Amino acid sequence: MTATPAAPVGTPAAPVEAKPVRRKRGEGQWALGYSEPLNKNEQSKKDDNPLNVRARIENIYSKRGFDSIDPADLRGRFRWMGLYTQRAPGFDGGKTAMLEEEELDDRFFMMRVRTDGQILGPAQLRALGETSTTYARNTADITDRNNIQYHWIRVEDVPAIWERLEGVGLITIEACGDSPRPFLGSPVAGIARDEIIDGSSALAEIKRRAINNPEYSNLPRKFKTALTGHPSHDVAPEVNDVSFVGTVHPELGPGLDMWVGGGLSTNPMLAQKLGVWIPLDEVADAWEGVASIFRDYGYRRLRSKARLKFLVADWGLAKFREVLETEYLHRALVDNPSPPTPVSQGDHIGIHEQKDGNFFVGAAPVVGRIDGTTLTLLGDLVERYGALGARLTAYQKLVVLGVDAGDTDAFADDLEKIGLTARPSNWRRNTMACTGIEFCKLAIVDTKERSRKLVTELEKRFPDLDTAITVNVNGCPNACARTQVADIGLKGQLVMDEDGNQVEGFQVHLGGALGLQANFGRKLRAHKITSAGLDDYITHVVNGYLADRTDGESFATWAARADEVHLRGEADSP
């Protein structure tokens, strides 16, 4: 056998074929050069700034009717004007994921009206009420983002609605869409006796800079803002993209801390606290900085990852702050420990004294559902009593400000006559529900009516409950009613009943909370309940809590330690 000759000394070795380096797929971040649209939503926004759709609504669609609407406007850009097509009747929850969006479209719209912490005086309340009765079949819901939400809106009526609302300083612009969504402001800003700082001027300045501004009308997805100077953190700051929370610097006095990266839906995350002190007149600058980071660095490739919380989680707080300070603010923020966390967040229900000696009265509808008639009558009441006006809350409630000390009981009595109450039961006070399958194309189950019946039944079964228990009911996984942060959170889905039939039901989250015990609750393996069995299930769980709790123990604390037999509602079952 002949040996292979050795290579001469110094001869270079044969090159090894290099494996191709796989370039990391871009996430559509503009600041990194990924400017080409990566999905139909991004393409639509590049094709035309969504703010331009207003002119087409006024000049074309409202005159020619529903069939004249360009599909890219109908299912995209209309949202920047606060308009979504509502769900067509006759489609059950099983069809939600099976049909294309256009198959679920009705020829009517849901419309959201922003309030952004505004005080609604008699003129605004009457305009909201009359719009409902004239154009929306008397529908009106208070949402947990300080909106009034109508249904049954015809495109032909939209210009007249805008004229009526804008005549009293209300707008629908960017109430939906990949834009600065309606802002949450403290309902007691400027009047609460224990307020740290009145943030109203900062919130108004953010609104002035942000809304209808092309600089912020093409964000990767929705962008939610909250601001409060009240120590009860009454705007759910942990679950917003950016929140400003009242704080005190030992030398500089009252200001606002900034929290970023909160949000719920299918990947819930709590906001991270920067631990800074921002003076009132620089809050809008800080807001613009955060919104600009989201615009420039936010992930645009996948809609499911296109929220600020994902960027904050990937970067970490230190990098986020560095980019904010160096690239956008061009100054360092002042360090200051974040403010104390309240045990639970304030909803301001009931009668409370203001710092000027007048009183504010917090009132509850049932799961946010009111109507135009009620809004008009509330406007009449505000005028008759000489009150300042009403603000909406982050909990589907409202607060009337500036009631004379001698009129509080009479005012509360008159609220009862129009279907509101300042003396609600635990269940009416602490139950929220999203729109649900009645109108929403994403929903799987009924929520509003089911929750109303639930409240009525639980009031009968637990008329004298001695502790607060919150119930949040959502029609799908998107958590518009903040499912994961309730004592009892209910996420709508189809389930099998005892006879093997597919019926409306819920996955259960137990022990979620905001405030001092902020967490997303417990989910039990393979545990689902039918909508029909909801009353009995909650009854069993509450009875289990009342029997097993220790002295002063909250539901959330108990749920974190309780045996599953209680959480499955089996402890006191027959």
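The values are calculated or read from the model by the stated rules, or taken from the named source; none is laboratory data. Just so it is clear, the model here is predicted, and its values are computed rather than measured. As a convention, Cβ positions derive from the backbone with ideal geometry for all residues, glycine included, and neighbour counts pool all protein chains shown. When the accessible area is computed, the model is the full protein with side chains, heavy atoms only, and any ligands, DNA or RNA have been set aside. Shrake-Rupley method; radii C 1.70, N 1.55, O 1.52, S 1.80 Å.
Expressed in nm to one decimal, what extension gain is obtained for the pair His330 and Asp296 from 0.36 nm per residue of sequence separation less their Cα-Cα distance? Don't skip to the answer; put the middle values down first.
Numbers: separation 34, 0.36 × 34 = 12.24 nm, distance 1.64 nm.
Using 0.36 nm per residue and subtracting the Cα-Cα distance, I get 10.6 nm.
Taking the chain as a whole, which cysteines find no other cysteine Cβ under 4.7 angstrom from their Cβ?
Cys176, Cys440, Cys476
Tell me which aspartates and glutamates have Cα within less than 14 Å of Lys441's Cα, excluding those fewer than 8 residues away on the same chain?
Reachable aspartates and glutamates: Asp92, Glu100, Glu101, Glu102, Glu103, Asp105, Asp106.
Ratio of alpha-carbon Rg to the 2.2 N^0.38 Å globular estimate for segment 157-199, to two decimals, please.
Details: Rg = 14.9 Å, N = 43, 2.2 N^0.38 = 9.2 Å.
Ratio of Cα Rg to 2.2 N^0.38 Å: 1.63.
Counting only protein heavy atoms and a 1.4 Å probe, tell me what percentage of segment 258-406's accessible area is made up of carbon and sulfur. Don't jump to the answer; show the numbers that get you there.
Working: 2700 of 5270 Å².
Answer for segment 258-406 is 51 percent, counting heavy atoms of protein chains only.
Apply the a/c threshold of 1.5 to the C-alpha gyration tensor of segment 514-559 and tell me whether it is rounded, prolate or oblate.
Numbers: a/c = 2.39, a/b = 1.35, b/c = 1.76.
Since a/c reaches 1.5 but b/c is at least a/b, the shape of segment 514-559 is classed as oblate.
Using every alpha carbon pair in the chain, what percent of pairs falls into each 10 Å bin from 0 up to the bin containing the largest distance?
Per 10 Å bin, starting at zero, the Cα-Cα P(r) for the chain comes out as 3, 17, 26, 27, 17, 5, 2, 2, 1, 1, 0, 0 percent.
Over the chain, with the other protein chains present, what is the accessible area per residue in square angstrom, probe 1.4 angstrom? Don't skip to the answer; put the middle values down first.
On the way: 23930 Å² over 574 residues.
Per-residue accessible area for the chain comes out at 42 Å².
What relative contact order, as a whole-number percentage, does the chain give when Cα pairs under 8 Å and 6 or more residues apart are counted?
Numbers: 1265 pairs, mean separation 71.8, N = 574.
Averaging sequence separation for qualifying contacts and normalising by length gives 13 percent for the chain.
Suppose the chain between Leu317 and Gln43 were pulled fully straight at 0.36 nm per residue; how much longer would it get relative to their current alpha carbon spacing? Each step should come with its number before you reach the end.
Numbers: separation 274, 0.36 × 274 = 98.64 nm, distance 3.09 nm.
Taking 0.36 nm per residue and subtracting the Cα distance, the gain is 95.6 nm.
For segment 250-369, build the charge dipole from Cβ charges (+1 Lys, Arg; -1 Asp, Glu) around the Cα centre, then report which of Ala318, Ser292, Gly368 sits farthest towards its positive end.
Gly368
Compare the peptides 339-349, 147-157, 222-232 by average per-residue count of other Cβ atoms within 10 angstrom and give them in order, highest first. Walk me through the numbers before you get to the answer.
Details: 339-349: 18.0, 147-157: 21.8, 222-232: 24.1.
Descending packing order for the listed peptides: 222-232, 147-157, 339-349.
Explain nothing, just the number: relative contact order of segment 289-349, from Cα pairs under 8 Å at least 6 residues apart, as a whole percent. Mind dumping the intermediate values first?
Values: 24 pairs, mean separation 16.6, N = 61.
Here the relative contact order equals 27 percent.
If packing is taken as the mean number of other Cβ atoms within 10 Å per residue, what is the order of 45-57, 123-135, highest first? Don't skip to the end; give the middle numbers.
Working: 45-57: 17.1, 123-135: 21.5.
Those peptides, ordered most packed to least, come out 123-135, 45-57.
Which residues in segment 492-531 place their backbone N less than 15 Å from a point set 7 Å from the Cα of Val343 along the Cα-to-Cβ direction?
So the set is 514-518.
Which pairs break 21 Å Cα to Cα here: Lys224/Lys453; Lys46/Lys222; Lys273/Lys355? Walk me through the intermediate numbers first.
Working: Lys224/Lys453 31 Å; Lys46/Lys222 17 Å; Lys273/Lys355 29 Å.
Beyond 21 Å: Lys224/Lys453; Lys273/Lys355.
Mind grabbing the base-10 log of I(q)/I(0) for segment 424-574 at q = 0.10, 0.16 Å⁻¹? Debye formula, identical points on the C-alpha positions, no solvent, two decimal places.
So the normalised log intensities are -0.31, -0.82.
Determine the dipole magnitude for the chain: charges of +1 sit on the beta-carbon of Lys and Arg, -1 on that of Asp and Glu, nothing else is charged, the reference point is the Cα centre, and the result goes in debye to the nearest 20. Let's see the in-between values first.
Working: 69 positive and 80 negative charges, 393 e Å.
Dipole about the Cα centre, nearest 20: 1880 debye.
What's the Kirkwood radius of segment 342-475 in Å, using all Cα pairs? Each step should come with its number before you reach the end.
Numbers: mean 1/r = 0.0637 Å⁻¹.
Every distinct Cα pair counted, the radius reaches 15.7 Å.
Which net charge results for the neighbourhood of Gln484, defined as the other residues with beta-carbon distances under 10 angstrom from its beta-carbon, given Lys and Arg at +1 and Asp and Glu at -1?
Working: positive: Arg482, Lys491, Lys523; negative: none.
With Lys, Arg at +1 and Asp, Glu at -1, the net is +3.
Using a simple charge model, +1 on the beta-carbon of Lys and Arg, -1 on the beta-carbon of Asp and Glu, nothing else, what dipole does segment 44-187 show about its Cα centre, in debye to the nearest 20?
Values: 20 positive and 23 negative charges, 64 e Å.
About 300 debye.
Excluding residues on the same chain fewer than 8 positions from Lys523, give the aspartates and glutamates whose Cα lies under 18 Å from its Cα.
Partners found: Asp487, Asp563, Glu564, Glu570.
Averaging over all projection directions, find the projected area of the Cα convex hull of segment 295-394 and quote it in nm² with one decimal place.
On the way: hull surface 47.3 nm².
It is 11.8 nm².
Using a probe of 1.4 angstrom, how much of the accessible area of segment 67-215 is carbon and sulfur, in percent? Don't skip to the answer; put the middle values down first.
Numbers: 2480 of 5160 Å².
With neighbouring chains kept in place, the figure for segment 67-215 is 48 percent.
Straight-line reach from Lys63: which aspartates and glutamates have Cα under 14 Å away, leaving out those fewer than 8 places along the same chain?
Glu156, Asp157
Write down the Kirkwood hydrodynamic radius of segment 56-146, to one decimal in angstroms, obtained as one divided by the mean of 1/r over all alpha carbon pairs.
One decimal place: 15.2 Å for the Kirkwood radius.
If you count, for each residue, the other Cβ atoms within 10 Å and average over each peptide, how do 71-79, 169-177 line up from highest to lowest?
On the way: 71-79: 20.7, 169-177: 22.4.
Highest to lowest by the protection proxy: 169-177, 71-79.
Over the Cα atoms of segment 120-210, compute the convex hull volume and normalise it per residue, giving Å³.
Numbers: hull volume 10.8 nm³, N = 91.
Roughly 119 Å³ of hull volume per residue.
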